[in-house]
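S.K.: I am attaching a structure below and will ask some questions about it afterwards.
The values are calculated or read from the model by the stated rules, or taken from the named source; none is laboratory data. These numbers were taken from a predicted model, which means no experiment stands behind them. When we count neighbours, we look across all protein chains shown, and the Cβ atoms used for this are built from the backbone with ideal geometry, even at glycine.
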Amino acid sequence: MSDLAVGDVVGPLTVGRVAHGGHWVARHEGRVVFVRHALEGEVVRVRITEVAKRFARGDAVEVRVASAHRVEPPCPVAGACGGCDLQHVDLAHQRELKRQVVAEQLTRLAGVGWDGTVEDCGPGTGLGWRTRVRYVSDGTSWGLRGHRSHAVVAVPPGGCRIARPGLAEPGAEVAAGAAGEQLLGVESSDGPVWADPAGDTVVRQRFAGRDHAVHAGGFWQVHPRAVDVLTAAVTEGLEPRSGETALDLYCGVGVFAGVLAARGVEVIGVEGSRDAVALASGNVPEARFVAGSVDRVLRRLPDAVDLIVLDPPRVGAGRAVVAGILSRRPRAVAYVACDPAALARDIAFAGEQGYRAASVRAFDLFPQTHHVECVALLVPGA
Ligand SMILES: C[S@@+](CC[C@H](N)C(=O)[O-])C[C@H]1O[C@@H](n2cnc3c(N)ncnc32)[C@H](O)[C@@H]1O
């Protein structure tokens, strides 16, 4: 095996299939190299950015043979900034790549065949959609974080291309702080808000006739259509009936709890952030909310329930939580997932408890990036 070092430029390499995480598989003298900013079938030269024992990572820095799906990135810093990793790919093919990744994860980790598509959630340009943008100071001005690094990439002229227009760059009124200090731009129902992510600024998000108070630095979906799209997928899947009981696990400020409560369902929400629980209780007074880690709080919850919404962080819910919820024999579980690998692992755990994925939908709620959101419906049965 060759001696590779960070900074080496190797190749030309022929690029293979897309892999989970926004890179493509290539080989250099027998070693797997995960290459960013490439496309299957291309021939590229690669600058090595990380060397591990069994593989390396790198960025395509010169394209000798280009894919028909390659386009000019709309943003001049797309390669350096950590925010976007698919700007060099046409939008329709971005969704095709995400489809391949979701299908591969479901097959490999859950043994589930999937012939779905990644649903287009707009906007048609794939730009100007992000309602939360994190800027970081280099000591003199606000910039964007580099990929897997602490480097600060200068905001390009014209601002961040995927941010909502009012958030594309901090205005002159928001002075840059000390190096490393962060600033969040948040689109609220009252307009753009600039806030310290560690501060206690609360913004209003109006959705489905209900005001949701959420901390600027707390969790809220970043695509403007995400709440509509995901709550519709959850309710279409669960078909909640008035009088049923439900758990909204990893509930944040109570978005799914609110939608279920509006249909006459008796909901208990569980969330690890005490601040989010305090806000959820005000947002959805009809529901009950409990602060704490889902794995621990579960033991104190009713031992039978009709419906469950599960929306864990990237790592997924894990075997113990999946077993804990399914022991309550819910009629249906809607699993909202931002990582298809974690979703697939949890679907496999659900199979051990006698539940199967009746459907999996995938949504392009993060255009120009490799990220994809899924909603799986789990029901009893083999
Ligand atoms: C993907 S967000 C979903 C939030 C909410 N369902 C929404 O759509 O707005 C995941 C949430 O899980 C919370 N969380 C993370 N780990 C947790 C745990 N072990 N127990 C309970 N909540 C947790 C986070 O604070 C975050 O609010």
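S.K.: G269 is checked against (1) under 30 Å from G113 (Cβ atoms); (2) within 9 Å of the ligand (Cβ to nearest atom); (3) not in a helix (DSSP H, G or I) and fails just one. What number does that condition carry?
M.R.: The single condition G269 does not satisfy is (1).
S.K.: I've got another one for you. Provide a single number: the residues in segment 307-347 that are within 9 Å of the ligand (Cβ to nearest atom), charged (D, E, K, R) and in contact with a Leu (Cβ under 9 Å, 6 or more places away or on another chain).
M.R.: 1
S.K.: Also, quick follow-up: For residues that are assigned to a loop (DSSP other than H, G, I, E, B) and at pLDDT 95 or above, tally how many sit in segment 43-72. I'd like the intermediate steps shown before the answer.
M.R.: Step one: list which residues in segment 43-72 are assigned to a loop (DSSP other than H, G, I, E, B), which gives 52-54, 66-69, 71-72.
Now narrow it down to the ones that are at pLDDT 95 or above: 66-69, 71-72.
Qualifying residue count, segment 43-72: 6.
S.K.: Quick test for you: out of V234, V222, V229, pick the one residue that is closer than 23 Å to W194 by Cα, within 12 Å of the ligand (Cβ to nearest atom) and of a type outside the set (D, E, K, R).
M.R.: None of the other options fit; the residue is V222.
S.K.: In segment 185-256, which strands (runs of 3 or more DSSP E) lie fully inside it and hold 2 or more residues that are outside the structural domain of L326 (by TED's automatic domain parsing)?
M.R.: Working: elements: 191-195, 202-207, 210-215, 245-249.
By residue number, 191-195, 202-207, 210-215.
S.K.: Which ranges mark the strands (runs of 3 or more DSSP E) fully within segment 77-179 that have 1 or more residues being over 27 Å from V229 (Cα atoms) and over 22 Å from the mean Cα position of the chain (by Cα)?
M.R.: Numbers: elements: 118-120, 132-137, 142-145, 152-154.
Filter on segment 77-179 gives 132-137, 142-145, 152-154.
S.K.: Of all residues in segment 207-219 being more than 18 Å from the chain's Cα centre (by Cα) and surrounded by fewer than 20 Cβ atoms within 10 Å (Cβ to Cβ), which is nearest to the ligand (Cβ to nearest atom)?
M.R.: For segment 207-219, the residue satisfying everything is F207.
S.K.: All but one of (1) within 15 Å of the ligand (Cβ to nearest atom); (2) of a type outside the set (V, I, T); (3) under 23 Å from V267 (Cβ atoms); (4) part of a loop (DSSP other than H, G, I, E, B) hold for P302; which doesn't?
M.R.: Of (1) within 15 Å of the ligand (Cβ to nearest atom); (2) of a type outside the set (V, I, T); (3) under 23 Å from V267 (Cβ atoms); (4) part of a loop (DSSP other than H, G, I, E, B), only one is false for P302: (1).
S.K.: Any residue in segment 260-278 that is closer than 18 Å to R296 by Cα and in contact (Cβ under 8 Å) with a residue 24 or more places away in the chain sitting within a Cβ distance under 9 Å of a residue that is in a helix (DSSP H, G or I) and within 9 Å of the ligand (Cβ to nearest atom)? List the pairs, counting only those 6 or more apart or interchain.
M.R.: I268/A257; V270/V294; V270/V297
S.K.: Another question about this same structure. Do we find a residue being assigned to a helix (DSSP H, G or I), of a type outside the set (V, I, T) and within 13 Å of the ligand (Cβ to nearest atom) anywhere in segment 365-377? Spell out how you get there, then give the answer.
M.R.: Start the filter on segment 365-377 by keeping residues that are assigned to a helix (DSSP H, G or I), which leaves none.
No, every residue in segment 365-377 fails to be assigned to a helix (DSSP H, G or I), of a type outside the set (V, I, T) and within 13 Å of the ligand (Cβ to nearest atom).
S.K.: May I pose another question? For segment 241-275, give me the residue count where each residue is of a type outside the set (V, I, T), farther than 18 Å from A337 by Cα and buried (at least 24 other Cβ atoms within 10 Å of the Cβ).
M.R.: So in segment 241-275, the residues of a type outside the set (V, I, T) come out as 241-244, 246-252, 254, 256-258, 260-264, 266, 269, 271-275.
Adding the requirement that they be farther than 18 Å from A337 by Cα leaves 241-244, 246, 258, 260-264, 266, 273-275.
Next cut, buried (at least 24 other Cβ atoms within 10 Å of the Cβ) only: 246, 258, 260.
Result for segment 241-275: 3.
S.K.: When you look at V294, is it more than 23 Å from G316 (Cβ to Cβ), hydrophobic (A, V, I, L, M, F, W, C) and in contact with a Pro (Cβ under 8 Å, 6 or more places away or on another chain), yes or no?
M.R.: Details: more than 23 Å from G316 (Cβ to Cβ): no; hydrophobic (A, V, I, L, M, F, W, C): yes; in contact with a Pro (Cβ under 8 Å, 6 or more places away or on another chain): yes.
No; evaluated as a whole, the condition is false for this residue.
S.K.: So, one more: Among the residues of segment 130-154, which ones are in contact (Cβ under 8 Å) with a residue 40 or more places away in the chain and of a type in the set (A, V, I, L, M, F, W, C)?
M.R.: Filtering segment 130-154 for residues in contact (Cβ under 8 Å) with a residue 40 or more places away in the chain gives 130-139, 142, 144-149, 151, 153-154.
Once the filter is applied, which keeps residues that are in contact (Cβ under 8 Å) with a residue 40 or more places away in the chain and of a type in the set (A, V, I, L, M, F, W, C), segment 130-154 yields V133, V136, W142, L144, A151, V153, A154.
S.K.: Further, regarding this structure: Residue check: is T245 farther than 26 Å from A198 by Cβ and either within 11 Å of the ligand (Cβ to nearest atom) or in contact with a His (Cβ under 6 Å, 6 or more places away or on another chain) (or both)? Write out each step before concluding.
M.R.: Working: farther than 26 Å from A198 by Cβ: yes; either within 11 Å of the ligand (Cβ to nearest atom) or in contact with a His (Cβ under 6 Å, 6 or more places away or on another chain) (or both): no.
No: the conditions fail for T245.
S.K.: Next up: Looking only at segment 352-370, how many residues end up being buried (at least 18 other Cβ atoms within 10 Å of the Cβ) and touching a residue at least 60 places away in the same chain (Cβ under 8 Å)?
M.R.: Residues in segment 352-370 being buried (at least 18 other Cβ atoms within 10 Å of the Cβ) and touching a residue at least 60 places away in the same chain (Cβ under 8 Å): 12 in total.
S.K.: From the set of residues in segment 277-300 that are within 19 Å of Q353 (Cα to Cα) and touching a strand residue (DSSP E or B) at 6+ places or on another chain (Cβ under 8 Å), which is surrounded by the fewest Cβ atoms within 10 Å (Cβ to Cβ)?
M.R.: Filtering segment 277-300 down to residues within 19 Å of Q353 (Cα to Cα) leaves 294-295, 298-299.
Next, only the ones that are touching a strand residue (DSSP E or B) at 6+ places or on another chain (Cβ under 8 Å) stay: 294, 298.
Values: V294: 23, L298: 21.
It comes out as L298.
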